[in-house]
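A quick write-up on the structure given underneath.
The values are calculated or read from the model by the stated rules, or taken from the named source; none is laboratory data. These numbers were taken from a predicted model, which means no experiment stands behind them. Here the Cβ positions follow ideal geometry from the backbone for every residue, glycine too, while neighbour counts run over all protein chains shown. The area values use the complete protein model at the heavy-atom level, side chains included, leaving out ligands, DNA and RNA. Shrake-Rupley method; radii C 1.70, N 1.55, O 1.52, S 1.80 Å.
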Amino acid sequence: MKYLRWVALLAVSVALYFAPGQMKSYGLYITTLWVVYWIAGVGLNLTVGYAGQISLGQGAFLGIGAYTAAVLSKAGVSYLAIFPTAALVCFAIGLLLGFPALRVQHHYLAFATLGFNMLVFLFLRNEEWLTGGTFGLNNIPRPVIFDVRFTRPLDFYHLSFVVLVVMGGVMAWLLRSPWGRAFAALRDNPIRAESVGINTTFYTLMAFAIGAAYGGVAGALFAPLVQFVEPAPFSVANSLSMLLMVIAGGSGRFFGPAVGAVIVVLLPEWLRVAQDWYLAIFGVLIVLMMVWLPGGLLSLPDRLRGRRA
Amino acid sequence: MTDFLQLVIAGMATGGCYALAALGFTLLWQASGTVNFALGEMVMLPAFLMLFFINVVGLALPLAFVAAVGVALVVMGWGFKVAIVDPLIRHGVIPLVIATLGLSIAMKQTVKGVATAQVRTFPSIFSDTLLNVGGVHVSVGDIGTVVVACALVAGLQAFLGRTLTGRAMQAVAQNRDAAVVLGINVERMVLYAFLINALLAAVAALLITPVYLAKFDMGDTLGLKAFYAAIIGGFNNSRGALLGGLLVGVMENLVGAYVSSGYKEGVALALFMVVIVFRPQGLLGTVVERKV
């Protein structure tokens, strides 16, 4: 059975790697965006789904990663250095932000991160010397790694997919390590976790900062994907859709963010036939889905099994 | 100095509106543990309802207000509780947060679809004359807004503290199980909290829209400021919401004028951060013990 899972996982990975080969450029762009959001979602899933903290600032970390990549790549720095830098910058900022917010109850983190996101947005808009203000930064080069150019959309998709597999692998390893157990203990019963000697502040802070670092890596892919960064995509609204992505997919489930990213990135595209009304329909669908399936889409099989029993 | 006073008074008027929304948020939180992310949209919707009753139906502003309050009580009070909060509340805070986020998107985009993204002017219940008090120009609208907001908070405080129903609501907020044992109809008290929230939102809409104009996304910043006001003042205290709202409104105006207009929107966050580091229960709040 376990064997079968690995084979299935491998088959799906290979299929996803080769699937967009025939797509037109817009389809390829959306698919790559889906991969980028998935990476950010994997990080947020650690914070929200495994460690049980509400974070509404993933959009800001995506933005910090994207602007880091934009500024550094325009200065000629290699993407081999940019990915770790984006991750480290976000990790450090995550620590600084989490430290005051985590001193108090967990829904305060929601508001602290929400406000932090607003502040990052203001910084991106106001500090023109660094970020170009509302005009943003354009002509961001696509990565060149070891003389391999990832300029064509399909090549860039493959690069993004490899980054996703690596980041997903690291996360799977982390969740199986003693740290992963500590995160789950934290979510399920923080007071009990504390009483058996788990340093709750340390692990909560780590879960938050590692989640932020994933946002940074996703951002470092977002910038060269769009090849243009401006403050708008990193507003509070985007952080809300990132949280939505994790919860709607199924928080605390490893592949939850993949399904969630379909809802956030692809569903609005499919609803475009409804024109002006597509976001309104989107909102109503979210409400209906939460009322019917509060555990997210991946809880559907459990739910159906539960009904039959 | 006169500039300073004018900024303070205008800030208090805005802050009074933040306070009304914040108060609704606090009440819902206390009564049912609902974190309502559609708060800003619940101010936006009555504003558009009033515009609908004025422009399409042809009612006068006071009648339009009464009609909008009626719709708000049914849709945003009772309907919100029955359709969204009741089925979700037993699953914990997070699914409800997401559902209210979805609700906020749905409300915003529906209004955009019906009324377009155009910015609309809104009639004020106050006259637009400027009073000259010792060289300081203050508008009647600002003074009126502050007075109405303070009166509403004082009235609510009296209702919660002096009447049997109000005290029953407080009992539910403090300890649900004990309230059930005492024979209080908990569900009805929670419903009252939702109705009061809808009423406060409608009044906030009446007061703030003449200044900030009606637009489908007007709730975005308003909702956020109200959250901060609620936490700054203290989550479990209704006077706290008023203090927090006024503080945010005034500080924003002063920072916008004297420090940097670009970072005006960050003031509420800065205040919030300082408060949660040094006084996590809020300025007027009391510490809540953890339950094991």
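Taking max minus min of the alpha-carbon positions on each principal axis, segment B:66-112 gives extents of 35, 23, 11 Å, largest first. Per-residue extension of 0.36 nm, minus the Cα-Cα distance of A:E127 and A:R192, leaves a gain of 18.9 nm for this segment. Between the alpha-carbon centers of segment A:181-209 and segment A:36-112, tell me the distance in whole angstrom. Their Cα centres are 20 Å away from one another.
Between B:D86 and A:F18, what FRET efficiency comes out of the Förster formula 1/(1 + (r/R0)^6) with R0 = 45 Å and r the beta carbon distance, rounded to 0.05? Don't skip to the answer; put the middle values down first.
On the way: r = 47 Å, r/R0 = 1.05.
That gives a FRET efficiency of 0.40.
For q values of 0.21, 0.23 Å⁻¹, compute log₁₀ I(q)/I(0) with the Debye formula on a Cα-only model of segment A:1-77, without solvent. After summing over all Cα pairs, the log10 values are -1.05, -1.05. Taken one residue at a time, the phi angles of segment A:237-246 give Karplus couplings (6.51, -1.76, 1.60, θ = phi - 60°) of 4, 6, 4, 5, 5, 5, 5, 4, 4, 5 Hz. Gly and Pro are set to x. Relative intensity of segment A:158-309 on a log10 scale, I(q)/I(0) at q = 0.13, 0.16, 0.17 Å⁻¹, equals -0.79, -1.12, -1.22, per a Debye sum over C-alpha point scatterers of equal strength in the absence of solvent.
Which FRET efficiency value, to the nearest 0.05, is calculated for B:T116 and A:F99 with the Förster distance at 30 angstrom and r the Cβ-Cβ distance?
Values: r = 45 Å, r/R0 = 1.50.
It comes to 0.10.
What is the Cα centroid distance between segment A:237-264 and segment B:130-201, reported in whole angstrom? First find each Cα centre; the distance between them is then 37 Å. Solvent exposure of B:V75, expressed as accessible area, is near 80 Å², computed with a probe of 1.4 Å over the protein chains only. Of the residues A:T47, A:T204, A:T134, the one that moves most in a GNM of chain A with alpha-carbon contacts below 10 Å is A:T134. Among complete DSSP H helices in chain B, those whose alpha-carbon atoms stretch at least 18 Å along the helix's long axis and whose mean Kyte-Doolittle hydropathy reaches -1.0 are B:2-32, B:39-52, B:93-115, B:140-162, B:186-212, B:219-233, B:238-258.
From the C-alpha coordinates alone, can you work out the Kirkwood hydrodynamic radius of segment A:76-188, in Å?
Numbers: mean 1/r = 0.0570 Å⁻¹.
One decimal place: 17.6 Å for the Kirkwood radius.
Once you average over the residues of A:287-297, how many Cβ atoms of partner chains fall within 10 Å of each Cβ?
Shielding by partners across A:287-297 averages 6.
Nearest 500 deg cm²/dmol is fine: what mean residue ellipticity at 222 nm does chain B get from its DSSP H runs of n ≥ 4 alone, each adding -39,500 (n - 2.57), divided by its residue count? Helix contribution divided over all residues of chain B: -22500 deg cm²/dmol.
Other protein chain C-beta atoms within 10 Å of residue C-beta, averaged over A:277-285: 6.
On alpha-carbon atoms, Rg over Rh for segment A:30-235 using Kirkwood Rh?
Values: Rg = 17.2 Å, Rh = 17.2 Å.
Looking at segment A:30-235, the ratio lands at 1.00.
Shape summary of the protein assembly as shown, radius of gyration then Dmax from alpha carbon positions: 24.8, 84 Å.
If you wrap the tightest convex hull around every Cα atom of segment B:158-292 and split its volume per residue, you get 142 Å³.
At 4 °C and 1.567 mPa s, grab the translational diffusion coefficient of segment A:144-243 from Stokes-Einstein with a Kirkwood Rh over Cα pairs, rounded to a whole number in µm² per second.
Working: Rh = 16.2 Å.
Rounded to a whole number, D works out at 80 µm²/s.
Loop-resident trypsin sites (Lys or Arg not before Pro) (DSSP state other than H, G, I, E or B) in segment A:1-30 with no more than 11 further Cβ atoms inside 10 Å of their Cβ: A:K24. With the cut-off at 21 Å, report for segment B:14-219 the share of all Cα pairs above it, as a whole percent. Percentage above 21 Å: 55. Of all lysines in the structure, not one has an alpha carbon short of 16 Å from that of A:K24, not counting any fewer than 8 places away in one chain. Of the listed residues A:K74, B:K108, B:K81, the order by accessible area with a 1.4 Å probe, largest first, is A:K74, B:K108, B:K81.
Counting only DSSP H runs of at least 4 residues, each contributing -39500 (n - 2.57), and dividing by the residue count of chain A, the helix-based mean residue ellipticity at 222 nm comes to -23000 deg cm²/dmol. The mean count of C-beta atoms from other chains within 10 Å of the C-beta of residues in A:242-254, rounded to a whole number, is 2. Of the residues B:T100, B:T121, B:T209, the one that moves most in a GNM of chain B with alpha-carbon contacts below 10 Å is B:T121.
Across segment B:14-219, Cα pairs under 8 Å and at least six residues apart give a relative contact order of 43 percent. Computed with a 1.4 Å probe on the full set of protein chains, the accessible area for B:R279 sits at about 90 Å². Taking chain B as the region of interest, the number of lysine pairs whose Cα atoms are within less than 28 Å, with members eight or more places apart or on different chains, is 14.
Per 10 Å bin, what is the whole-percent P(r) computed from every C-alpha pair distance within segment B:102-234? Histogram of Cα-Cα distances, whole percents per bin: 10, 28, 30, 22, 8, 1.
Return the Rg/Rh ratio of segment B:122-192 with Cα-based radii and a Kirkwood Rh. Intermediate results must be reported in sequence, preceding the final value.
Working: Rg = 19.5 Å, Rh = 15.0 Å.
When Rh is taken as the Kirkwood radius, the ratio is 1.30.
Accessible area ranking (1.4 Å probe, heavy atoms, ligands and nucleic acids excluded), largest first, for B:F278, A:F18, A:F150: B:F278, A:F18, A:F150. Note on segment A:166-306: dipole from Cβ charges, positive end direction compared against A:P224, A:G211, A:L300; the farthest Cα belongs to A:L300. When the alpha carbon gyration tensor of segment B:14-59 is reduced to an equivalent ellipsoid, its three semi-axes come out at 26, 12, 8 angstrom, largest first.
Whole angstrom only: what separates the Cα centroid of segment B:106-122 from the Cα centroid of segment A:116-132? Comparing the Cα centres of segment B:106-122 and segment A:116-132, I get a distance of 28 Å. Taking all protein chains together and rolling a 1.4 Å probe, B:V211 ends up with roughly 100 Å² accessible.
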